[in-house]
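Contents: one structure, followed by commentary.
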Amino acid sequence: MIEPEDHALPLPVHTSMKCDPAEKPDIPVSKRRFRVWKTKDWKRRSQMRAAKAAAYRSAADQD
């Protein structure tokens, strides 16, 4: 069986080449980035962490 030349050899692996950052295309930054502080209950969780830390500090001060 005769195979075409482009299918005769396996595809090369790990052949990426290092390129200068100036040569890379400029990718526009998406304005729809994930913002963790806009997620639901972010303020509540951060306040709970602060309260837990304050309780821990006050318990440590009493010892």
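Descriptive notes on the structure:
- Set of lysines with alpha-carbon distance to Lys52 below 19 Å, sequence-local pairs under 8 removed: Lys43
- Protection proxy ranking of 45-56, 18-29 - average other beta-carbon atoms within 10 Å, highest first: 45-56, 18-29
- Computed from backbone phi, the HN-Hα couplings of segment 53-58 come to 5, 5, 5, 5, 5, 5 Hz, rounded to whole numbers (Karplus: 6.51 cos²θ - 1.76 cosθ + 1.60, θ = phi - 60°; Gly and Pro given as x).
Computed from the coordinates by the stated procedures, all read-outs in this text should not be read as laboratory data. Keep in mind it's a predicted model, so treat the numbers as computed, not measured. Ideal geometry is used to build each Cβ from the backbone, glycine not excepted, and the neighbour counts take in all protein chains shown.
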